[in-house]
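These notes concern the structure reproduced below.
The values are calculated or read from the model by the stated rules, or taken from the named source; none is laboratory data. No experiment lies behind these values; they were computed from the predicted model shown. Here the Cβ positions follow ideal geometry from the backbone for every residue, glycine too, while neighbour counts run over all protein chains shown. These area figures cover heavy atoms from the full protein model, side chains too; ligands, DNA and RNA do not enter into them. Shrake-Rupley method; radii C 1.70, N 1.55, O 1.52, S 1.80 Å.
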Amino acid sequence: MNKALSPDEIARACADAMWQEDDASQGLGMKIVEVKAGHAVLTMTVQPHMVNGQRIAHGGFIFLLADSTFAFACNSHNQRAVAAQCDITFIRPGKLGDVLVATAREISRSGRSGIYDVRVSAGDAVIAEFRGHSRTIAGTWLAGADNAATEK
């Protein structure tokens, strides 16, 4: 008899499956710190190739970290999901060597749509705030896993 997985166990298994195929996040040195249902935390260190002409972290790399963290949060319910729309507000610059921490939390999920907020910080300083709108697509991450417990 198979034990039913909890929503957080499903989330972690989905993250493990996604990570295997996520060359972009891995290639940028991101690390998964935590994944739960509707929640994810990833980190990335600002490396020399990530700074711009102002010698601060290029906003595109900050956006990439926030977007990847959003992706792990919105795919945590064993339904494949993609970004429909995202925006970011940059608050402070990231600097070379900063360990950026992105924390995503689910704001709402209804039908095929979800809204997730991601805060990117370096230490106590908030670097950026990101909002992503997700849309589920066909398919799941885990064959045979029960989605009923995580449906809203």
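Observations
- Angle between the chain longest axis and helix 7-21 axis [Cα atoms, degrees, rounded to 10]: 60 degrees
- Check: the chain dipole with +1 on Lys, Arg Cβ and -1 on Asp, Glu Cβ, in debye: 240 debye
- Taking the Cα centre of segment 1-54 as reference, the dipole from Cβ charges on Lys and Arg (+1) and Asp and Glu (-1) amounts to some 140 debye.
- Cα gyration tensor shape for segment 1-77, rounded if a/c is under 1.5, else prolate or oblate: prolate
- Convex hull of segment 30-152 built on C-alpha atoms - directionally averaged projected area, nm²: 7.7 nm²
- Extension gain (nm, one decimal) between residue 80 and residue 131, 0.36 nm per residue minus Cα-Cα: 16.5 nm
- For segment 97-138, the fraction of alpha-carbon pairs in successive 5 Å shells from zero, as %: 6, 22, 24, 16, 13, 10, 6, 3, 0
- Partners for residue 3 among aspartates and glutamates (Cα-Cα distance below 16 Å; same-chain residues under 8 apart left out): 146
- Accessible area per residue in Å² at 1.4 Å probe, computed on segment 1-151: 51 Å²
- Modelled spin labels at residue 143 and residue 58, positioned 7 Å past Cα toward Cβ, are 3.9 nm from each other.
- Potential lengthening between residue 87 and residue 4 on full extension [0.36 nm per residue; Cα-Cα distance subtracted]: 26.2 nm
- Once both labels are positioned 7 Å from their Cα atoms along Cα-to-Cβ, the gap between residue 105 and residue 19 label points is 2.3 nm.
- Expressed as a whole percent, the accessible surface of segment 40-152 that belongs to carbon and sulfur atoms is 53, based on a 1.4 Å probe.
- Nearest 10 degrees, 0 to 90: helix 59-74 Cα axis against the chain principal axis: 10 degrees
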